[in-house]
Amino acid sequence: MDNYHENTVVFSDNRFKQEREKIMDKSDEPTGNLDSKSGKAVINALDRINQKDGKTIVMVTHDPQMASHCTRIILLKDGTILDILKKEEGTEEFYQEILARMADL
């Protein structure tokens, strides 16, 4: 996992099929060192892999905006599961739900 930033690929539609296998199914802060445009491209690529290929993506992030793209998040603190949130509506609504829950912690 130490080299995941070096292996991050920003996808264009014509390269998506060729490059999708290079992206990791387990992503530790996949957008942590990226500018917002590149981060969005990575999240969009992960969404497409999940939707088109039916692959489960496990992502670790501290960014509630990136987490809001997931269908389910597990909130952890000191190795303990505090809550599990499932997306019931759109991404923006889920983002607001995550922020509200994080404020309660």
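The values are calculated or read from the model by the stated rules, or taken from the named source; none is laboratory data. On a predicted model such as this, the values are computed, not experimentally measured, just so you know. Every residue, glycine as well, gets a Cβ built from its backbone with ideal geometry; the counts of neighbours run over all protein chains shown.
Given the conditions (1) of a type in the set (S, T, N, Q); (2) surrounded by fewer than 14 Cβ atoms within 10 Å (Cβ to Cβ); (3) modelled with pLDDT of 85 or more, which single one is not true for GLN65?
All conditions pass for GLN65, except number (2).
What about GLU92, is it exposed (fewer than 13 other Cβ atoms within 10 Å of the Cβ), acidic (Asp, Glu), not in a helix (DSSP H, G or I) and not assigned by TED's automatic domain parsing to the domain that holds ALA41?
no
Where the second residue is assigned to a helix (DSSP H, G or I) and the first is under 20 Å from ASP47 (Cα atoms) and lies in region 78-100, which pairs have Cβ atoms under 7 Å and are six or more apart or on separate chains?
Every condition considered, the pairs that remain are LEU85/GLU97; LEU85/ILE98; LEU85/ARG101; LYS87/PHE94; TYR95/PRO64; TYR95/GLN65; ILE98/PRO64; ILE98/ALA67.
Determine, yes or no, whether GLY79 is more than 27 Å from LYS37 (Cβ to Cβ) and in the same structural domain as SER36 (by TED's automatic domain parsing). Working first, answer last.
Values: more than 27 Å from LYS37 (Cβ to Cβ): yes; in the same structural domain as SER36 (by TED's automatic domain parsing): no.
Against the criterion (more than 27 Å from LYS37 (Cβ to Cβ) and in the same structural domain as SER36 (by TED's automatic domain parsing)), GLY79 does not qualify.
A quick yes/no check of all residues on (1) among the polar types (S, T, N, Q); (2) surrounded by 14 or more Cβ atoms within 10 Å (Cβ to Cβ); (3) outside any loop (DSSP other than H, G, I, E, B); (4) modelled with pLDDT of 85 or more:
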| site | (1), (2), (3), (4) |
| --- | --- |
| ASP13 | no, no, no, no |
| MET24 | no, yes, no, no |
| LEU34 | no, yes, no, no |
| ILE81 | no, no, yes, yes |
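Identify, from the list ILE98, ILE49, the residue that is at pLDDT 90 or above and assigned to a helix (DSSP H, G or I). Quick ask: steps written out before the conclusion?
On the way: ILE49 fails: at pLDDT 90 or above.
Of the residues listed, the single one that is at pLDDT 90 or above and assigned to a helix (DSSP H, G or I) is ILE98.
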